[in-house]
1. Say each of His209 and Asp62 gets a label point 7 Å from the Cα, pointing the same way as Cα to Cβ; how far apart are those two points in nm?
2. Along the charge dipole of the chain, Cβ charges K/R +1 and D/E -1, which of Leu186, Ile111, Gly200 sits furthest on the positive end?
3. Given the options Leu134, Leu105, Leu147, which has the most mean-square fluctuation in a GNM of the chain, springs set between C-alpha atoms less than 10 angstrom apart?
4. Would you list the P(r) distribution for segment 24-77, with all Cα-Cα distances sorted into 5 Å bins from 0 and each bin expressed as a whole %?
5. Thr292 to Lys265: extension gain in nm, 0.36 nm per residue of separation minus the Cα-Cα distance?
6. How would you rank 201-211, 259-269, highest first, on the average number of other Cβ atoms within 10 Å across their residues?
7. Quick one: how many lysine pairs does segment 190-311 have with C-alpha atoms less than 21 Å apart and a gap of 8 or more or different chains? Give me the count, please.
8. For the chain, what relative contact order do you get, as a whole percent, if you take Cα pairs closer than 8 Å and at least 6 residues apart?
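Bear in mind these aren't lab numbers, they're just calculated from the coordinates by the rules spelled out. Since this is a predicted model, take the numbers as computed values, not measurements. Heads up, the Cβs are rebuilt from the backbone with ideal geometry, glycines too, and the neighbour counts pull from every protein chain shown.
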Amino acid sequence: MRVAIVGAGAMGCLFTHLLSRTDSEIFLLDIHPERVEAIRSEGLFVEGVSGDHRLRPSIHLDPGEIGPVDLVLLCVKAPDTLNAARSASALLGRDTPVLTLQNGLGNLEAIEEALGPGRALGGTTSMGATVLSLNRIRHAGWGETVLGEPSGKRTARVEAILGLFEASGLKVAFTEDLRGLLWSKLIVNIGINALTALTGLHNGQIPLHAGSRRILEKAVEEAVRVASALGVRLLYSDPLQKVLSVCEATAANVSSMLQDVLKQKKTEVNQIQGALIREAARLGIPTPVNETLRDLVVTLEESYAKRVRTL
């Protein structure tokens, strides 16, 4: 199988490392010349729970150099999905699927807007990774990766991807309810990501402080109210307990949104809190806590260059 991974950030490099263990041909595509040059000239270094490795992946700036593949895996941040999907058009054969494991809502729709209906597959991953430098990542933790079709059917293309991922050592599963899966992940992200970005705390610290725990509880409560109104079937019976258990299980993790803030990058808050707020507004459900979290994170993004560093 020929696989193109779009985005050489933490998850893109991690999946490049893992899928390179298989007999598939793996290509990495990125828009940052300095990162491409660093990986080309020095290699890609992976450290952490899967060991220390140096790879020499086939990495490109131009998708035309890769040509049509059998699978495109989007590993860019959610705000970049539409542009990344458009850039992937040169990678498509007649039946090439495009898989998103990204955070938030709206990624499937962005892929279809860019590439037409029937291309997009979705899922979630609990794999953990952190960028250390242009060509070095830390594999922070293992977790399950779940895939599904928007139709809910277990198709041949899903079976092929599941087989590929299993061969790489990933723990994988199939879901018939992609919508429920994405909302279940969204609610976890709503409880954790913005709060870590605003406080600078590791995941496990958020429930240990009375103030941040209260905000977590209220943010999750609002999200569950919206999901219920939409008729979404969550994968867990106790959403708050699920979020708290994820905080505990990933206690030492630096969330992806906190990583973005520390690097003064645009976050995914508009695809996480923002997605919830848009659905809630359509339904007439108030979400004041999530609106506040969204507004504060956006303020951080807009004021990186103006922040007080020292007295």
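1. Those two pseudo-labels are separated by 4.9 nm.
2. Gly200
3. Leu134
4. Computed distribution, short to long bins: 4, 17, 24, 25, 21, 7, 2.
5. Gain on extension, Thr292 to Lys265, equals 7.7 nm.
6. Ranking, from highest mean packing down: 259-269, 201-211.
7. Working: Lys218/Lys242; Lys263/Lys306; Lys265/Lys306; Lys266/Lys306.
Total qualifying Lys-Lys pairs in segment 190-311 comes to 4.
8. On the way: 593 pairs, mean separation 46.0, N = 311.
Relative contact order, the chain: 15 percent.
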